[in-house]
Amino acid sequence: MYLEELIPGVCLESDKLECKSKLNREDVVGWLKSIAGFANAAGGAFYIGVEDKSNKLIGFDKKNADNERNYFNNQVNEHLTPRPQMSISFLRYEINGTERFIIRVEVPESAVKPVILKYKNIPSIFMRRDGFTNGATYEEIIEMSVKSKNVQYDILVSDEKYNADEISMLRAFYSEHNDGKELKEKALQSLGFYNKEGYLANGAVLFTDHYDGRKTEVQCSVFSGFNKGSERIITINRFHGNITSTIQYIMDFVNQRMNHSMIKLEDTRKNIDAYPQRALFEGVVNAVAHRDYFLDGTQIQVDMFKDRLEISSPGGFYRGEKLGKTYDLSGIISKQRNELITGVLVACNVMEAAGTGFDKITEEYAEADEKHKPYIYSSSDHFTLVLPDLTYLDGVEDSSIPVVDYIPIANGTEMDGKVLAFCYYQAHKASEIAEYLGISNSTYLRKKILGNLEAEGYLIPGKISRATYYKTNRDMVSVK
């Protein structure tokens, strides 16, 4: 039996058709380049289980057809970037009363080009021409890039179906920032979260509870001094999860490690955070909303130095130009890189539709002197917001350990005061507390001292990755 018998009217002479009796495991590039070539050209149909040239049906039984499709999907996901928007189906037929299947892969022209085939860390770009697939020319690559430059990653349709139970974290995030209100289904539909067939947009996938891919990866680091090149790295953590958990992770990381200080006024004291909460949150949300999700192998960089915090988002400034060190944050009008992601964050009330996030950052630093004004800069591959540490004054960091006052603690120990003073301005791990106290990081420390202080409400624990950090509860402890 032949392909034309199974599909009447199929054009066998078309340069948009290619057949393989079976996917060659020893030469993956040999058939993957055909998929990439179709996507970079005008599209095409790729049949698996059909003999090349003769178009004779070889086929598979149901189990092997499933295995072949899964292998195909895995190889495409691993080696083609961005993944072409393909339609995969089984075509059934019978031979001598035996059920057989071939696999049809319909590959439309990709909205985002070029589709790159990366194998053994070597990237290649292929183009389909006159029934053959060959390497793309320089002119073809430029033309592909120009045609797809305005396409946004997040609004393209994924191959994942919408499941209302899979966005519980997004619903909780929405409720938290909207006075307990519920995220309505109608709002998701109006945002383009999923299409009429129920398939999620790429950006919507990044909000699902189960998302654990590298598109949202962040790297958070703490340096002992003023730059990366010559200073010791104290901490370096990596994280990837859905967008809401990414925002929360960065906030927790910085909050657990930032310095705190105070200003003595006439009748009271004013606590100072190194980075004002609203400014920090706006900076984190901006980085997540405007990163270039087409760029695989990149991450948001959050770097804490002795005198500042830098939040760098992959993708440069979307208007296309490079920016030098710029203090006029209010004068920057950025264009949305990710329409859907931004729309969801606006609906969650954590972004302004008018793009006034930078104004809020400026407001939070309004009383700071010229040495402590936030600024931005960008290059071709990243956009960076810099928030100065408000507790770092005139080149001398205010990291002194205060004398604290508190009501005696039930079942307390003689070390309680030292722990509360040590953790007053900055959160610390148990091992750091043990080193400061000059004792071992033992069960006694973690349960009898830290555990009791936590149980009585004097210490507030917080987790970053697997580590627990302890911060003094300032409602229970005051500085003398």
Positive dipole terminus of the chain, leading residue within Ser21, Ala410, Phe132 (C-beta point charges): Ser21
Net charge of Cβ neighbours under 11 Å - reference Leu23; Lys, Arg +1; Asp, Glu -1: +1
Estimated vicinal HN-Hα couplings, Hz - the range 272-289 in sequence order (Karplus 6.51, -1.76, 1.60; Gly, Pro = x): 10, 8, 4, 10, x, 4, 5, 5, 4, 4, 4, x, 5, 4, 4, 5, 5, 5
Cross-link partners of Lys113 among aspartates and glutamates (Cα-Cα below 18 Å; sequence separation of 8 or more within a chain): Glu78, Glu139, Glu140, Glu143, Asp154, Asp292, Asp296
Pairs beyond 22 Å (Cα-Cα), from Lys22/Lys215; Lys228/Lys371; Lys418/Lys448; Lys371/Lys429; Lys118/Lys196: Lys22/Lys215; Lys371/Lys429; Lys118/Lys196
As computed over the range 89-177, the Cα convex hull volume per residue (Å³): 224
For peptides 455-463, 99-107, sequence by mean Cβ density within 10 Å, most packed first: 99-107, 455-463
Compactness relative to 2.2 N^0.38 Å, alpha carbon Rg of the range 187-230: 1.93
Interchain or long-range residues, amide H under 5 Å from Glu352's placed H: Gly357
√(5λ) per eigenvalue of the Cα gyration tensor, the range 400-479, largest first, Å: 17, 14, 13
Computed [θ] at 222 nm, helices only, for the chain once each DSSP H run of length n ≥ 4 contributes -39500 (n - 2.57): -8000 deg cm²/dmol
Straight-distance crosslink candidates among aspartates and glutamates, where the alpha carbon sits under 12 Å from Lys480 and sequence neighbours closer than 8 are dropped: Asp405
Local electrostatic count at Asn473 - Lys and Arg +1, Asp and Glu -1, tallied over other residues with Cβ under 11 Å: -1
Gyration tensor (alpha-carbon) shape descriptor, the range 3-151, a/c threshold 1.5: prolate
³J(HN,Hα), Karplus 6.51/-1.76/1.60, whole Hz, each residue of the range 197-209, x for Gly, Pro: 7, x, 8, 6, 6, 4, x, 5, 4, 5, 9, 6, 4
Where only alpha carbons of the chain are counted, the Rg and the Dmax (Å): 28.3, 97
Cα-only Debye scattering, the range 147-233: base-10 log of I(q)/I(0) at q = 0.10, 0.17, 0.19, 0.21 Å⁻¹: -0.40, -0.79, -0.90, -1.02
Residue-wise HN-Hα coupling along the range 432-446, computed from phi with Karplus coefficients 6.51, -1.76, 1.60 (Hz; x: Gly, Pro): 5, 5, 4, 5, 5, 6, x, 10, 7, 7, 10, 4, 4, 4, 5
Given charges at beta-carbon only (K, R positive; D, E negative), |dipole| of the chain in Debye: 700
Selection from Ile449, Asn70, Ala467 lying farthest towards where the dipole of the chain points positive, charges on Cβ: Asn70
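Every number in this text was worked out from the coordinates using simple rules, so none of it is lab data. In this text, all values refer to a predicted model and were calculated from it rather than measured experimentally. For neighbour counting, all protein chains shown are included, and Cβ atoms are generated from backbone atoms with ideal geometry for every residue, glycine included.
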